Amino acid sequence: MTDEQLLRYSRHILLSEFGVEAQEKLLAASALVVGAGGLGSPAALYLAAAGVGTLTLADGDTVDLTNLQRQILHTTQSVGTPKAESGKAALARINPEVRVAAVSRRLAGEELDRLVAQATIVLDCSDNFETRHAINRACVRHRVPLVSGAALRFDGQVSVFDLRDRTSPCYHCLFPEDAEIEEMRCAVMGIFAPLTGIVGTIQAAEALKLVTGIGETLKGRLLIIDALSMEWRSVKLERDPACPVCSTSAATTACPSFPSAGA
Ligand SMILES: [Zn+2]
């Protein structure tokens, strides 16, 4: 690290759990943030400020006036511009050292698969189940840890699906794709502005911990936040042994450098 980097990241380096070594892991890491909206905004801002070396910010939407109440990457001046480009400009102002790739398309198919395979960590900050399941499948396939967040009205949820550990559940274990889940989007439901900041910031914290290997993550737990009563609780998640996404591959391949908890 250069002298300037040692200064910029000094308050991380001062942490006994962190030090120069963890900061260097962040600089070498590549994070894929899917969605540059309410969750992706604080998540990407913290990842960039904290010095994650490479960020890919993907969003197919353009900035709308109704976004500005909570999507803090964007400004009044950026209304009408692609969110990924507006976000990239904001991240460059926070930390010009971070390499940011803006993808102004809704990620799917081969492109999503390729970007997940290249990433150290994936943050699902999207707003629809189709994308969430596609991200999960790619993360399971490539054994890339996934930090998943959701926020609606006053209710937030965060979890980590880390299939480097064969005992870990995946997103599909928790929310089966064929289940009758009514898609509720904040476009019609309303959302408490700082809740997206709380959830997105937790996603950034979990991502930084996963990359550096410090602390305990939300792997195998779902954190549930009620911002109206400000009650937080976490529930234990079990892997579904019949899950069509993670069961077969989980039984045959486990990362040798990441032994399961029971091993
Ligand atoms: Zn699963």
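All of the numbers you see were taken from the coordinates with simple rules; none came from a lab. Source: prediction; values computed, not measured. A quick note on method: Cβ atoms are made from the backbone with ideal geometry, for glycine too, and the neighbour counts reach across all protein chains shown.
Brief remarks on what is shown
- For the chain, modelled as a GNM whose springs connect Cα atoms under 10 angstrom apart, the maximal fluctuation among Asp178, Asp127, Asp61 occurs at Asp178.
- Under Stokes-Einstein, with the Kirkwood radius over Cα pairs as Rh, the value for the stretch 1-120 at 10 °C and 1.306 mPa s is 107 µm²/s.
- Under a Gaussian network description of the chain, with springs only between Cα atoms under 10 Å, the residue in Thr56, Thr66, Thr131 that fluctuates furthest is Thr66.
- The base-10 log of I(q)/I(0) for the stretch 106-241, evaluated at q = 0.09, 0.11, 0.12, 0.22 Å⁻¹, reads -0.25, -0.38, -0.45, -1.53 [Debye formula, identical scatterers on Cα atoms, solvent excluded].
- Relative intensity, log₁₀ I(q)/I(0), of the stretch 104-163 from a Debye sum that treats every alpha carbon as a point, q = 0.14, 0.20 Å⁻¹: -0.36, -0.71
- Highest-MSF residue in the chain out of Lys219, Lys236, Lys209 [GNM, Cα springs under 10 Å]: Lys236
- Share of alpha-carbon pairs per 5 Å distance bin for the chain, given as whole %: 1, 6, 13, 18, 20, 17, 13, 8, 3, 1, 0
- Candidates per GluC sites (Glu not before Pro) in the stretch 1-93, loop by DSSP, up to 16 other Cβ within 10 Å: Glu17
- Under 23 Å from the Cα of Lys25 - lysines, other chains or at least 8 residues apart: Lys88, Lys209, Lys219
- Percentage, to the nearest whole number, of Cα pairs in the stretch 65-153 over 20 Å apart: 45
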